[in-house]
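Colleague: My questions all concern the structure below.
Please treat every number below as a calculation from the coordinates, not as lab data. This one's a predicted model, so the numbers in the text were calculated from it and none came from an experiment. Counting neighbours? That spans all protein chains shown, and the Cβs are built from the backbone with ideal geometry, glycine included.
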Amino acid sequence: MSVNIIGISALYHDAACCLLSDGKLLAAAQEERFSRIKADPSMPRKAMNYCLQEAGLTIADIDCVAYYEDPKEKLARQIWSQLPALSESFVASLGVGRPEREIRELLGFDGEIKYYSHHMSHAASSFYFSGFGSAAILTMDGVGEWATTTYGKGNEKGIELFEEVHYPHSIGLLYSSITSYLGFGVNDGEYKVMGLAPYGTPRYVDQLYKLIHLGANGQYTLDMRYFEYLKGERMFGEALEELLGAPARREDEKMTAFHKDIARSLQFVLEDIMLKKAAYLHQQTGESNICLAGGVALNCVANGRLLREGPFEKMFVQPASNDAGGSLGAAAAAHLELTGERASRAKMAHVYLGPSYDTASIGRTLQSTSLKYHDYAGNEEQLLAATAERLARGKVIGWFNGRMEFGPRSLGARSILADPRRTEMRDRINAMVKKREGFRPFAPAVLAHKASQHFDLPHDSPFMLETCQVISPLDLPAITHVDNSARVQTVHKETNPRFAALLEYFDELTGCPILLNTSFNVKGEPIVCDPEDAIKCFITTDIDCLILQDFIIDRAENELDALIMILRNYDQENTAAKGIRRDVYTFV
Amino acid sequence: MYNISDNTRSLAAELAEKIISGDQPGTWLPYLQPADAGGGFVTDPDRLFAASPQALAGKIGIWVADTVEGQPCYVRDSAKVADWRLWSNRHLIPATDTRKRIVLLGESVARGYFYDPFYCPAMELQQQLNTALPQAEVIDLAKSGMVLEELEVMFRSCMQLQPAAVVIFAGNNWTYALKEIAYGAAHIEEMTQALLQHDYNAARHFLENQLQDVIAAFMKRIAATAEQYKVPIIFVIPEFNLADWKSTDKETTASRLAEDLTNRFLETAAAARQMKAAGNWTALQPLAAALIQLDGVNPLGYELMAACMLAGNQPADARKYLEQARDTVVFNRVENHSPRCLTVTRKAILRAAAAYRFTVVDLPEVFKALSPNGIPGREFFLDYCHLTDTGIKAAMQATAAALAPLLGATTGVTAADNTAAPDPEHRALAYLFAASLNARFGQPEDILLHHCRKGVAISDAAAKFISLYASLSNRRLSTPLCKSYEQITLEKMAEQYNKGTGLLHGVARKQMDHVLVDCMVNALKEKGMDLSEQVSRLRAKEHSVRQGSVNLLDSFYNLFNSYVLTGEQDTHYTASRPQSSFILMADNTAPVQVKITFRVKNKPHGTVRLWVNGSMVMEAAATENWQTHMPEVPATVLKNGLNDLQLEWPAVVPAGDSVFSETPLRPFASMQALRHSLRLYPVFGEIHTFTVSA
């Protein structure tokens, strides 16, 4: 008799669902990919149906739903944040009991529900998928229930979180507050600040260290005179603007050296604190391995530095370190509790846990459109040769291949690809394809066995979660950041054979086993999920060619003006007022 | 406040414990701030309409102040290009004009929905005024989907055009104002008391009073603005398609009533439908009366009673019942009901008109006089409220007749002024678009066929459109990406119907519209053009179970999903009726395998049966827990083409499954939220998985 567990994270941001069957992760997906609402927080109805379908199970086969937060603890923190002005309307807005109510009513699950704290879910999402027998665990994010940072240890018996930093003191919210000060969206722009940092100089470290006081052990406190997120209107106060000597940047305002220096200083402070607290964690646990999770663990620059300069020998970062990954942790924790056994002893090898689409259905889809396309069904070699040839000619490729990735990164299943040797690629893709800020860097995907020839990276990096220096004899301007760093994905034929084969073809053609790889979406939209999403993204951006599994569609062979106009009208009909607020965390 | 003291944290924990354990608010309300404990919600309707004069300066809807060739004017704002399709396609309006300016404000009925931009009430009004007011100009500021709040903003902002008169042709969308109001504890208590009377009628009257107050406040402010600018107003009160617009299956679904009354309603409704089918009006009448008595906010009883009255040649009484059926939507049982002007709306306009001396064109009276039995129908309406060209002409003739003397005309409207009309192609397309909208609202086949036949009869353009429409409807691909939709756009057949966007479905909610497509095909066949083979082939290619596993819970195959009742898309199907209907594209060459996971909550008794084309293929005892069955459907039961699947649930609602037993006491952010929480409909069964494979 199998033990089937659904893991869920929801009702805050980045809702997701996973299905763990006898400890094996069969499927996982974020709700945003199906609903097409960026960071969709709602109960993952479509994602759960997908997981069941993928596993060939029905709701009747599910033994337990594991939820990634403790609703009562969270409610207490929400109430505390309003005291003493707690109002009837505020209580009404909290949706008390919503997780259970929605699991019962919206998901239709009538069995056992287990709750795990937010940071326990993060910790479990990392440790139980790390392949480590034992490890130190560090989780950092904005906030869950009360905890914002936790220190723990995992071994055969399970996970113990032995120390916590409590809200409102939060390294994640510090980073988000400065992100907001710099004119970027909260829970969305942190990655941009990290990308901006290498353009600046850490001139404001002293000022930023006035915002945070490092306490004993794992503790730290924020000086709340500078922050306003407790009031729920904005992240920071006027005191911060006075401290930094300049008003906050508006979203449409020009980026100056000052803003870059602030970003660099913030990144410096984050890395400094992470190194210090990791040293404490190492001292407490004596472990040589460390597992990271929580939104802060998506800061791959800090991760890289921690591994290089910190006390730990090996590091595992949960590739879905944002709240979506909490679903994995909750499910794995429930598995241990129900069976007495750890879900998996193997290291998570890939994140291709989402839906895939068969060639016949994609063919029917294309036949229903006016698009002209080339059909390579049953002829992978020609498909890859044709794709590599287009890349070598400087074409920007939309690459839709196999099962969708779980987590925030595109890793060769739903990717935009280009030749990294071309100087113009970064600006072109930022402006015309991704429609985003020009300073943002792109990441390289490299054949795993050739990675060390081009990057100072002594180990695999399949999830694009750390940065390293570029040492390639090739000139790679499109993926090399201003500080000569790159955020590398090593590609393995065992986990994504077609993507690895494409890199081989490109290498054979050009002598370069590397491709620029960025997520297949435009600014403000989730990564594409199904063939229709990919076609729409292709039509409305400046992508030259769409590789839709076994089919190639070339922009140059299609007249797309009418479709662009139609899709614009359709989007206006369907996407009004979607999404979550960007200027502040919605703590309630 | 920023330090987590043990005291505040333990207080927070204590409150959280009380709240989450379901304690009544009384136990934790004492902790609340006294000033807010009575409800910090919007309760003043005036607060809904807080547009300041400064905010309106230089803006009139999508038009903004500009200067063109040295002349001040208003031009369409390119930043609002997404909204242009909802308005007149006039690009430039001079700021001033020597002619008398008549501004027409209103909603889609005033836009001439289905005909716009080729023909609309403003064009007709302009034409009708040719003789009486040759120097008058009608400025069309009507907008599809305009709600009460926007109407007031438009009324204020259109004063910048210095109108000689303003015609307001609106009232269909005003019930939506109720959704915008958030209710405080006092209102919730009032609503609760109404529900505790075990009668939805009391709650309905509460909402009617609310709507009346909102309209009265609106009228008062409109009157003040009109007085300030010395501008006369003519209100054109819309009429509803009383004869031909039927309440849908979702609208006649039984509510959860007190005690055992839901079961009585279901039994009575079943008996009534039988009597109606048999034409036994004598037996039907008391059953219809009983349905009205059982549930006054369900339109079914009123409509059946109207049928009895019509059969008995009592059209005046029939009309009253049809009006009552129309008015039930104020309780808003169904998400997104079709817009309409209610009795309470009409009376509120008439009352205000008398008080503030507005002129009124009362279309209910106009169309009543023009209809042989006093009940207007398809001659004047394309759907629930949008008018045919005949209807538009009649409405604008009456408006012109009222307007002319108001602006000093000495001659009236003449026959020579009655020449405006849409050309045949656009008129034909209007009928086909109307057929599409009627189908989306689940209207009967005969009215769909009527609109299709009209379209086909008027212009050959209909055949081309039908061919493309049949193609896009049967594709799994979402409509905007379909080659056939692109062709409709490129061939300029999508200029009407809000630039063709009316043909689109919501994301993941595309339907096959098979009844409509069949009506279109049949209408064409009558003209000697047969598309049926082509349609069958495409359906098989796109939807046949032979192409791969079919999920019957997809919007294509699920003919009555919970979304239409609640607006929520659950992971699973909720049956609000004792039978659930699905369609399956298959053939009779081989058996197919069904996989179904279902449950029946609340102490079920009886059995669940699955029928395919009238043959039972599964029978199982109802259980509270999910159960999975995998019956095989023999090839002999299947037919080529669309197959009918019916799931029959135990038809009895458990005693005590009543909305009134769980009347909420806690505060809600809005009446909409309260309505959702009530769970107005019984649940006969739920399906989590329902697939068919070859």
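Colleague: Of all alpha-carbon pairs in the stretch B:210-327, indicate the percentage at a distance above 20 angstrom.
Modeller: That tail contains 53 percent of the Cα-Cα pairs.
Colleague: Need one value for B:491-500: mean number of C-beta atoms belonging to other chains within 10 Å of its residues' C-beta atoms.
Modeller: Averaged over the peptide's residues, the number is 1.
Colleague: What does the structure give for B:473-485 when I average, per residue, the other chain Cβ atoms found within 10 Å of the residue Cβ?
Modeller: Neighbouring Cβ atoms belonging to other protein chains average 6 per residue here.
Colleague: Still on this model: When only alpha-carbon atoms are used, what values of Rg and Dmax, in angstrom, describe the stretch B:571-613?
Modeller: My reading of the Cα-based Rg and Dmax gives 13.2, 41 Å.
Colleague: Expressed as cubic angstrom per residue, what is the convex hull volume of the alpha carbon set of the protein assembly as shown?
Modeller: Dividing the Cα hull volume of the protein assembly as shown by its residues yields 186 Å³.
Colleague: If you don't mind, another one. Would you list, by chain and number, the aspartates and glutamates whose Cα falls below 15 Å from the Cα of A:K72, excluding same-chain residues fewer than 8 positions away?
Modeller: Candidates past the 8-residue exclusion: A:E100, A:E145, B:E14, B:E17, B:D23.
Colleague: Could you compute the net charge surrounding A:Y191? Neighbours are other residues with a C-beta less than 13 Å from the C-beta of A:Y191; K and R count +1, D and E count -1.
Modeller: The answer is +4.
Colleague: Taking the highest mean first, how do the peptides A:159-166, A:301-308 order by number of other beta carbon atoms within 10 angstrom per residue?
Modeller: For the peptides A:159-166, A:301-308, the packing ranking is A:301-308, A:159-166.
Colleague: Oh, and also: Given +1 on the Cβ of Lys and Arg, -1 on the Cβ of Asp and Glu, and no further charges, what dipole in debye does the protein assembly as shown carry about its Cα centre, rounded to the nearest 20?
Modeller: In debye, rounded to 20, the protein assembly as shown gives about 1460.
Colleague: Looking at the stretch A:397-443 from every direction and averaging, what is the projected area of its Cα convex hull in nm²?
Modeller: That works out to 3.5 nm², a quarter of the Cα hull's surface.
Colleague: Per the helix-only calculation at 222 nm, which mean residue ellipticity applies to the protein assembly as shown, given -39500 (n - 2.57) for every DSSP H run of n ≥ 4 and division by its residues, nearest 500 deg cm²/dmol?
Modeller: After summing the helix terms and dividing by residue count, I get -11500 deg cm²/dmol.
Colleague: When N is the residue count of chain A, what does its C-alpha Rg come to as a fraction of 2.2 N^0.38 Å?
Modeller: Here the answer is 0.93, to two decimals.
Colleague: Here's something else I'd like to know. Return P(r) of the stretch B:261-331 (all Cα-Cα pairs; 5 Å bins starting at 0; whole %; ordered from short to long distances).
Modeller: P(r) over the stretch B:261-331, rounded to whole percents: 4, 20, 29, 25, 16, 5, 1.
Colleague: Using the scaling law 2.2 N^0.38 Å as the reference, what is the normalised Cα Rg of the stretch A:359-557?
Modeller: 0.95
Colleague: Viscosity 0.692 mPa s, temperature 37 °C: give me the Stokes-Einstein translational D for the stretch B:255-299 in µm²/s, with Rh taken as the Kirkwood radius over C-alpha pairs.
Modeller: This corresponds to a translational diffusion coefficient of 310 µm²/s.
Colleague: Equivalent-ellipsoid semi-axes (√(5λ), Cα gyration tensor) for the stretch B:424-542, whole Å, largest first?
Modeller: Calculated on Cα positions only, the semi-axes equal 19, 17, 14 Å.
Colleague: What's the average, rounded to a whole number, of partner chain beta-carbon atoms within 10 Å of each residue's beta-carbon in B:400-413?
Modeller: 0
Colleague: Further question on the same structure: Within the set of other residues whose C-beta is less than 14 Å from the C-beta of B:A316, count the net charge using Lys and Arg as +1 and Asp and Glu as -1.
Modeller: Residues near B:A316 contribute 0 overall.
Colleague: Still on this structure: With the radius of gyration and the Kirkwood radius both derived from the Cα set of the stretch B:582-661, what is their ratio Rg to Rh?
Modeller: Reported Rg/Rh, Kirkwood definition of Rh: 1.08.
Colleague: What is the sum of charges, Lys and Arg at +1 and Asp and Glu at -1, for the other residues whose Cβ falls under 12 Å from the Cβ of B:T390?
Modeller: +1
Colleague: Please work out the ratio of the alpha-carbon Rg of the stretch A:16-79 to 2.2 N^0.38 Å and round it to two decimals.
Modeller: Ratio of Rg to 2.2 N^0.38 Å for the stretch A:16-79: 1.27.
Colleague: For a quick protection proxy, order the peptides B:97-110, B:222-235, B:246-259, A:100-113 by their average other-Cβ count within 10 Å, most packed first.
Modeller: Those peptides, ordered most packed to least, come out B:97-110, B:246-259, A:100-113, B:222-235.
Colleague: Next question, about the same structure. Over 18 Å between C-alpha atoms is what I'm after, so list which of B:K464/B:K527; A:K536/B:K483; A:K192/A:K254; A:K38/A:K395; B:K541/B:K639; A:K372/A:K536 land there.
Modeller: Pairs exceeding 18 Å: A:K38/A:K395.
Colleague: To continue, here is another question. So for the stretch A:165-317, what percent of the C-alpha to C-alpha distances run longer than 20 Å?
Modeller: Tail of the P(r) past 20 Å holds 48 percent of the pairs.
Colleague: Report the gain in length on full extension from A:M255 to A:A349: 0.36 nm times residue separation, minus Cα-Cα distance, nm rounded to one decimal.
Modeller: Extra length from A:M255 to A:A349 when fully extended: 29.9 nm.
Colleague: Based on the Cβ-Cβ distance of A:M1 and A:N155, what FRET efficiency does E = 1/(1 + (r/R0)^6) give at R0 = 35 Å, to the nearest 0.05?
Modeller: 0.80
Colleague: Still on this structure, I have one more. List the lysines whose Cα lies under 21 Å from the Cα of A:K74, skipping any in the same chain that are fewer than 8 positions away.
Modeller: A:K114, A:K231, B:K18
Colleague: May I ask you to order B:316-325, A:198-207 by the average number of other C-beta atoms within 10 Å around their residues, highest value first?
Modeller: B:316-325, A:198-207
Colleague: Quick check of the Kirkwood formula: for chain B, what is the inverse mean of 1/r over all pairs of different Cα atoms, in Å?
Modeller: Hydrodynamic radius (Kirkwood, Cα pairs) of chain B is 27.9 Å.
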